[in-house]
1. Rounded, prolate or oblate: which fits segment 1-92 when a ≥ b ≥ c are the square roots of the eigenvalues of the alpha-carbon gyration tensor, with rounded for a/c under 1.5 and prolate only if a/b beats b/c?
2. Taking the DSSP beta bridges in the chain as the whole, what percent of them are antiparallel, to the nearest 5?
3. When a footprinting reagent is the concern and you count Cβ atoms within 10 Å, what order do D11, D24, D16 take, fewest first?
4. On a full-extension model of 0.36 nm per residue, what is the gain between D16 and E2, subtracting their alpha-carbon distance, rounded to one decimal in nm?
5. Once both labels are modelled 7 Å past Cα along the beta-carbon direction, what's the S84-E43 spacing in nm?
6. To the nearest 500 deg cm²/dmol, what mean residue ellipticity at 222 nm is calculated for the chain from DSSP H runs of n ≥ 4 alone, each contributing -39,500 (n - 2.57), summed and divided by the residues?
7. Between L91, L37, L17, find the one with the highest GNM mean-square fluctuation for the chain; connect C-alpha pairs within less than 10 Å.
8. Calculate, in nm to one decimal, what D59 and T100 gain on full extension: separation in residues at 0.36 nm each, minus their alpha carbon distance.
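What follows is calculated from the coordinates using simple rules that are stated; it is not laboratory data. Because the structure is a prediction, the values reported are computed rather than measured. Cβ coordinates were reconstructed from backbone atoms using ideal geometry, including for glycine residues, and neighbour counts include every protein chain displayed.
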Amino acid sequence: MECDWLMRPPDPRDKDLPEHLARDNQTLQALRDALRLREVIFESFPAVTNADLRMFRADGEHRLELVMTGKVNRYNDAFERVASLAMLAKLCGFHFTLKTGEMERPTAVSMSC
């Protein structure tokens, strides 16, 4: 299965936060969304064992930038005990680069777990 989706825009309630905190919140939400999308795919489609996922972010001019890819599979529940969302996402097959809390374009394709 393949799935592309858009990263959520910054939460309007974060507009009064310092920029780095608002950026961190958006990144954490993107990681939660990616992990939840993985769950929804495997819960909704029992025959699917692997999925190729791509998350895009719209810039100020409404152009799309790829910021996360994932080659995920159904069989990696042991990693759910990992406390860090970023580490959990990487162990589940997502590839992304964080720089000062913000997602940037992936630099390489990750291995699925």
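1. It comes out oblate by the Cα gyration axes.
2. If I count the DSSP bridges inside the chain, around 75 percent turn out antiparallel.
3. Ordered by Cβ neighbours within 10 Å, fewest first: D16, D11, D24.
4. Going from the current span to full extension adds 1.4 nm.
5. Result: 2.7 nm between the two label points.
6. Calculated at 222 nm, the ellipticity per residue is -9500 deg cm²/dmol.
7. For the chain, modelled as a Gaussian network with Cα springs under 10 Å, the answer is L17.
8. Taking D59 through T100 to full extension adds about 13.0 nm, to one decimal.
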